[in-house]
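The structure appears right after this line, and notes come after that.
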Amino acid sequence: MSGQRYTYFATCAPGVEPLLHREVRDLGLARSERQVGGVRFEGTMRDAWRANLWLRTAVRVLRRESRFDAVSESALDEGVGAVDWSAFVQPGGTLWVDAQTRESALDHSRYLQQRVKDTIVDQVRAADGTRPTVDREDADVRVHLHLFRDRATLSVDTSGASLHRRGWRRSQGRAPLAETLAAACVLHSGWDRRAPLIDPFCGTGTLLVEGAMIAAGMAPGLSRERFGFETWRGHDAAGWQRARDEAKAAVKIPRKLRLVGHDIVADRLEETQAHLDGLGFGDLALLEVADARSFAPRAGWNGTVVSNLPYGERVGDRVEELHGDFGTQLKALEGYRVALLTGSSRLAGLLRISRAERHRILNGGIECQLVTADL
Ligand SMILES: C[S@@+](CC[C@H](N)C(=O)[O-])C[C@H]1O[C@@H](n2cnc3c(N)ncnc32)[C@H](O)[C@@H]1O
């Protein structure tokens, strides 16, 4: 594989940038810089593999192919045509283009999407005689055009489907937390990876699964079926397999760890157990149907409570009362650490946790607050 270096941009939910930046640095990725909505870094294609396999809070990893001024259609065509697309698209392969534009003369994103796609298709057809087809859901090659103040950035998506699709999920419950955000909550919680991890509203178990993966040093992308770069022309399948094998060999399940999950709905606990079983964490689980309004973990656990509380918009009503009652229960838990993702600052306030820190995170467009505290 060539040692050619590229500029990458790993995207994340707004509010998660500092955590992603720390992950990028911990992975030893070079020249990283935190930006709005993600983290830029530099590296080889092998680094892109590692980023996709290991970054827990990233949503996708884009590889920058070119940057140019695009004040007119002809300038856009020229810039797009300057990239060798046959290096990505296999004969008979599929393609998708996303386009965003802001404060630019070319201001119609659907039109830009079409135009970039046409330029790429024409170039590939001229080069190898086949015409790539368009596939929105499952394209072999996904291209992103970002136009800001007439400056175009053209990237290829190394991830493909969003990285929250880890491959371990079997069921959705009612409102599962995105895996990338669950990882962000666990990483932000300050959990030491040894104390019991407790989720009193565990739903399908996303936080417990992501926590277990962190504690076990399990790469979040290990169970995923496919990444974007795997369907690029010239993909080094043998090298990639070695990278995956190395990640597999690094997994060490901490047998003494306890993953404690409660939910008021029994089906959710079955789903949580199935998710943990699927990854080899089943024996660590202590799951119980219980109402969080009378939450009282076992004496002496001194665990870390990481949870995603029900939101008014998405799960039932009487959410305010629930936050108040749950907050009252927490007052009895001395020695615990908590990290609670709530649907709004108002709901966060209803918990009435003293000396709490609050951190804003956008969860699927909803402005949430992650409340952390040592009780
Ligand atoms: C926002 S969801 C949690 C989703 C979970 N993080 C996941 O990824 O699947 C909230 C969960 O709280 C549960 N729940 C609602 N009221 C509850 C209560 N009083 N006690 C315990 N669980 C409750 C719901 O059944 C639901 O599964």
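The table for this structure:
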| item | result |
| --- | --- |
| Cβ-based net charge around S109, under 10 Å, with every Lys or Arg adding one and every Asp or Glu removing one | 0 |
| The chain: calculated mean residue ellipticity at 222 nm from DSSP helix runs of at least 4, using -39500 (n - 2.57) | -9500 deg cm²/dmol |
| Contact order normalised by residue count of the chain, Cα under 8 Å, 6+ apart, percent | 15 |
| On Cα atoms only, tilt of 45-54 relative to the major axis of the chain in degrees | 20 |
| FRET efficiency for R358 and D245, using Cβ-Cβ distance with R0 set to 35 Å, rounded to 0.05 | 0.25 |
| Crossing angle, helix 266-278 versus the chain [Cα axis fit, 0-90 degrees, rounded to tens] | 60 |
| Debye equation applied to the C-alpha atoms of the chain, log10 I(q)/I(0) at 0.06 Å⁻¹ | -0.26 |
| log₁₀ of I(q)/I(0) at q = 0.08, 0.09, 0.15, 0.17 Å⁻¹ - the range 6-157, Debye sum with one point per alpha carbon | -0.23, -0.30, -0.81, -1.00 |
| Relative contact order (%) - criterion: Cα under 8 Å, at least six apart; region: the range 219-294 | 29 |
| Full-extension gain in nm, S294 to A266, via 0.36 nm per residue minus C-alpha separation | 8.4 nm |
| Residues L286, L259, L222 arranged by fewest to most Cβ contacts within 10 Å | L286, L222, L259 |
| Over the range 6-157, relative contact order from alpha-carbon pairs under 8 Å, at least 6 apart, % | 24 |
| Rounded to the nearest 20 debye, dipole of the range 6-157 from Cβ charges on Lys, Arg, Asp, Glu | 540 |
| Helix 319-330 vs. the chain, principal-axis angle (Cα, 0 to 90°, nearest 10) | 60 |
| Column: log10 I(q)/I(0), Debye, Cα scatterers of the range 252-321, q = 0.11, 0.14, 0.16, 0.21 Å⁻¹ | -0.33, -0.53, -0.67, -1.05 |
| Among T133, G93, A175 the positive-end extreme of the charge dipole of the range 62-220 (Cβ point charges) | A175 |
| Which of E42, E17, E321 has the fewest Cβ neighbours within 10 Å, and the rest in rising order | E321, E42, E17 |
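A short reminder: the numbers here are calculations on the coordinates, not readings from a lab. Since we're looking at a predicted model, the values are computed, not measured. We place every Cβ from the backbone using ideal geometry, glycine too, and count neighbours over all the protein chains shown.
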